[in-house]
Amino acid sequence: MEGLASSTACFDFHSLLYSSYSHNTSSRSKFRTLISIPSFPVDSRIATSIHVRSRTMSHLQSTTLVGSSIGAPSSESVVHELKIKEWEIGALRDELAASQGIRIRRRPPTAPPLDYVGPFEFNLQNEETTPRNILEEIVWNKDVEVTQMKEKHTIDSLKKALESASHPPRDFVGALKASYLRTGFPGLIAEVKKASPSRGVLREDFDPVEVAKAYEKGGAACLSVLTDAKYFQGSFENLEAIRNAGVQCPLLCKEFIVDAWQLYYARTKGADAVLLIAAVLPDLDIKHMIQICKMIGLTALVEVHDETEMDRMLAIDGIQLIGINNRNLETFKVDISNTMRLLEGKRGEKIRKKEIIVVGESGLFTPDDISYVQEAGVKAILVGESIVKQKDPTQGIKQLFGKDISPP
Ligand SMILES: O=P(O)(O)OC[C@@H](O)[C@@H](O)c1c[nH]c2ccccc12
């Protein structure tokens, strides 16, 4: 039920897709055997679902079964029907994503834990219940985490908190542009990251505020703060602490966003920008989330890794910042020529025409790496490992650029 009441219903079709984030596995499994979806093309199936959903919602409003003379349904039958619709929508979501080249599947957040002892159907470890790669695993865990957090902090309480928030958002893009003009180098987004699944612990004695201040002193234009706890040992407390410590740089909340609720939450914790990963989010979600970001004053950094994702994002209006990740989040393979490849030819032209600022992300260690991505066309870079590992991160920035870029 909860799944059909989207927290951010700006536009009904978006809220329809959102509902799939929180539909529950028990209904999905239970009804899998009860209903069958005929195999017609995805689009018409979506249309059918929309139609059916609006019927379902009108049940709730009028308590009269549309197109039927049997009168008011029992509340049990309404719940039953809603659950079937939830299942349908969930099943469609992965298909829709796959049609856009997205390999990451979404798993219902209330799926049973792997050690679940219960009805036979949940117990099976199979292709459907095992993540195919680390990104999929992270996203599945994030879905569960967000569902729990949403119960503690309702969307209404977050909206209220934002209304009374004292600090206006800082200009993330403006800071990157100003830095580029001041230094002649791509604006640096310096990452406050204790650990990562690919590299393990990067900095043993990790004080996020100390690292943030050292980055600012070294000339970082913006900071990126990991908030994922399970895989990156980050936290929203770190983000808040940095915000409250008097650091002036705009802050990117580095999180795996799977639900618009997280945008509101990030903003209440002091974020000025968020990351939207194209490998995880279908186009409609990206569009919807960009609108919400604009509404609540967040800058969206949209991350792509390959040509398909870049082309998808270039077809969406209103994107100001695109990050090209040189690390494949499914395999961890890093290759900085990725940035060059995605900026060549027609794509590069389109990006310039749209005045999109490109951020080169991951695997940048030396002044040569910086010149390489700068020549490829990036105006900003996102760097973690090479600077967070240095005893003094201020010095780390100097070594990265081969020059002191600290502000006067
Ligand atoms: O530590 P590096 O190789 O400099 O990378 C930083 C940043 O690009 C990387 O942490 C990153 C890019 N996109 C992400 C998405 C989620 C988590 C982390 C990331």
Would you confirm whether any residue within the stretch 107-126 is under 30 Å from VAL358 (Cβ atoms) and modelled with pLDDT of 65 or more?
no
Return the total of residues in the stretch 268-297 being assigned to a loop (DSSP other than H, G, I, E, B), open to solvent by 10 Å² or more (accessible area, probe 1.4 Å) and closer than 22 Å to GLY360 by Cα.
1
Any idea which of LYS398, LYS379, LYS389 is touching a residue at least 60 places away in the same chain (Cβ under 8 Å), open to solvent by 10 Å² or more (accessible area, probe 1.4 Å) and in contact with a Pro (Cβ under 7 Å, 6 or more places away or on another chain)?
LYS379
Cross-chain or 6+ apart pairs with Cβ under 9 Å, the stretch 251-268 first and closer than 20 Å to GLY384 by Cα, then away from the ligand (no atom under 12 Å from the Cβ) and of a type in the set (Lys, Arg)
LEU251/ARG170; LEU251/ARG243; CYS253/ARG267; CYS253/LYS269
Scan the stretch 135-179 for residues that are of a type in the set (Lys, Arg) and farther than 22 Å from HIS305 by Cα and jot them down.
LYS150, LYS152, LYS159, LYS160, ARG170, LYS177
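Residue-by-condition table, conditions (1) assigned by TED's automatic domain parsing to the domain that holds LEU281; (2) within 12 Å of the ligand (Cβ to nearest atom):
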position: ARG352; (1), (2): yes, no
position: PHE365; (1), (2): yes, yes
position: TYR372; (1), (2): yes, no
position: PRO407; (1), (2): no, no
Within the stretch 245-267, identify whether any single residue is of a type in the set (S, T, N, Q) and either assigned to a strand (DSSP E or B) or under 17 Å from ALA229 (Cβ atoms) (or both), and answer yes or no.
yes
Scan (1) closer than 18 Å to SER196 by Cα; (2) open to solvent by 30 Å² or more (accessible area, probe 1.4 Å) for the single condition SER337 breaks and write down its number.
(1)
Would you please name the residue that is most open to solvent (accessible area, probe 1.4 Å), looking only at residues in the stretch 181-236 that are near the ligand (Cβ under 9 Å from one of its atoms) and either at positive phi or among the polar types (S, T, N, Q) (or both)?
SER198
The stretch 242-260, residues that are among the hydrophobic types (A, V, I, L, M, F, W, C) and either under 8 Å from the mean Cα position of the chain (by Cα) or within 15 Å of the ligand (Cβ to nearest atom) (or both)
LEU251, LEU252, CYS253, PHE256, ILE257, VAL258
Flagged in the stretch 227-244 as in contact (Cβ under 8 Å) with a residue 60 or more places away in the chain and not in a helix (DSSP H, G or I), in numbering order, are ASP228, LYS230, TYR231
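The values are calculated or read from the model by the stated rules, or taken from the named source; none is laboratory data. Worth saying up front: this structure is predicted, and the values here are computed from it rather than measured. Methodologically, a virtual Cβ is constructed for each residue, glycine included, from the backbone with ideal geometry; neighbour enumeration extends over all protein chains shown. Heads up: the accessible areas ignore ligands, DNA and RNA and are worked out on the full protein's heavy atoms, side chains in. Shrake-Rupley method; radii C 1.70, N 1.55, O 1.52, S 1.80 Å.
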